[in-house]
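Enquirer: Got a structure here, written out as structure tokens. Questions coming.
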Amino acid sequence: MIPQPEPVLYSFRRCPYAMRARLALAVSGTRYELREVALKAKPAAMLEASPKGTVPVLVLPDGAVIDESIEIMRWALANCDPEGWLARNDAALIAANDGPFKHDLHRYKYPERHDADPLAHREHGLAFLGELDRRISAGGHLGGSAPGLADAAIMPFVRQFAAVDLEWFGAQPLPHLKAWLHRHTTSALFDGIMVRVAPWHTGDPPVFMPRH
């Protein structure tokens, strides 16, 4: 029997969108080829697959392309969802994260790019974090007592927001959110998707995930 080719994921290790795609691929047990992208030298193969030029991009064995991180998550979990992530989804909360919160996060982290007031955007972002803290207080996760799609989709952005000023973040009254973030970022699942690999170039030997 001829081995079936694996999907190819173009990714960038620190990108929160790529992180959440890798989390869903990992929890679903999907084997794929990981191609780390140098954002200043994006490979032609990625741009041919998805001309918009942003990660993540998943190229399926039949040539179909999925270049939205949430859709990659849903594709992976539709194939295999051993922890029931799809049952703990919250489309409205994810939209708030990907819209207003991401807007504030980017202007808090990179104010010079937007001629923005970082402290004003930090305060706006803090209001969203307060809502997450209240939700998590009920069961430990955003959708109850177990992690789900909403947790994996939002956590990488909270992690990025916290990292802008760890001392400030540590002083905020967000006990449930902080514990939730710590659980996720110290998990074996997160460690597994944060492996460091060299940027991919045409002709490089493939790097398959998960590693065995």
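Laboratory data are not the source of any read-out in this text; all were calculated from the coordinates shown. Note that the coordinates shown come from a computational prediction; the quantities given were computed from them, not determined experimentally. Here the Cβ is made from the backbone with ideal geometry for all residues, glycine too, and neighbour counts use every protein chain on show.
Enquirer: Could you list all residues from region 18-64 that are over 18 Å from the mean Cα position of the chain (by Cα) and either of a type in the set (A, V, I, L, M) or closer than 15 Å to Pro156 by Cβ (or both)? Let's see the steps before the verdict.
Expert: Quick first cut of region 18-64, residues over 18 Å from the mean Cα position of the chain (by Cα) only: 40-52, 60-64.
Selection gives Ala41, Ala44, Ala45, Met46, Leu47, Ala49, Leu60, Ala64.
Enquirer: Looking at region 19-35, which of the residues that are not in a helix (DSSP H, G or I) and not polar (S, T, N, Q) is farthest from Pro205 (Cα to Cα)?
Expert: Here is the first cut: in region 19-35, the residues not in a helix (DSSP H, G or I) are 28-35.
Going one step further and asking which of them are not polar (S, T, N, Q), we end up with 29, 31-35.
Values: Gly29: 22, Arg31: 16, Tyr32: 13, Glu33: 10, Leu34: 11, Arg35: 10 Å.
Top of the filtered list is Gly29.
Enquirer: Also, I was wondering about something else. Among (1) touching a residue at least 12 places away in the same chain (Cβ under 8 Å); (2) out of contact with any Asp or Glu (no Cβ under 8 Å at 6 or more places or on another chain); (3) not polar (S, T, N, Q), where does Leu174 come up short?
Expert: Result: Leu174 fails condition (2) only.
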